[in-house]
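Step one of this worksheet: look at the structure below.
No lab work stands behind these numbers, since they all come straight from the coordinates. Remember, predicted model here, so these are calculated numbers, not experimental data. Note: ideal-geometry Cβ built from the backbone for every residue, glycine included; neighbour counts use all protein chains shown.
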Amino acid sequence: MPYVECNVCQKEFYAKPRHLKIGWGKYCSIECRSKAQFNGSNLKCANCGVSVYRTPASIKRSVSGQFFCSKSCHCVWENTNSRVAERSPRWQGGQNIYRLIMDRAGIVKACNECGIQDKRVLEVHHKDRDRNNNQLSNLVWLCCNCHRIKHSEHKKDMVAFV
């Protein structure tokens, strides 16, 4: 009678000779066999610190090296740490971030000239016309019509100087 030791709990159990011959008979129960299949690691969620089990394949696949308990934890972490301004893979030196600056500052979305509040036609205007100067004092909301008028006035002023 072949009695063997379980690879997980070290309990002695009977295994059929035929099973031993084909490489089975390593575990005393289905529970022990299931425990043996867990070869990953328990890691902490990068956002909330909860313990999370990850397989070696998912650990290897991680681009950021961070692990999360849920999609919402991942999004919160990414919005605060990873994908903000300079750390974003699509960052272009801040040239196109002026709308975001205006939104985050909480400035009411309304044209500074005519007062229209239709978000579909609002644009951000740089007062000094330098698109790299994204200081809040240099930015103002204008509707597309008022924005064009501002730029055409500037062109007329430039022609008058010549």
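Counting Lys and Arg as +1 and Asp and Glu as -1 over every other residue whose Cβ lies under 15 Å from the Cβ of residue 141, the net charge comes to +4. Within straight-line reach of residue 16, meaning a Cα separation under 23 Å, sit the following lysines at least 8 residues removed in sequence or on another chain: 26, 35. Taking a straight Cα-Cα cut-off under 22 Å and skipping sequence neighbours fewer than 8 places away in the same chain, the lysines within cross-link reach of residue 150 are 109, 119, 127.
If Lys and Arg each add +1 and Asp and Glu each add -1, what is the summed charge of the other residues whose beta carbon sits under 11 Å from the beta carbon of residue 69?
Values: positive: 44, 54, 71; negative: none.
Charge balance in the 11 Å sphere: +3.
Full extension of the chain segment joining residue 33 with residue 131 gains 29.0 nm, where the gain is 0.36 nm per residue of separation less the Cα-Cα distance.
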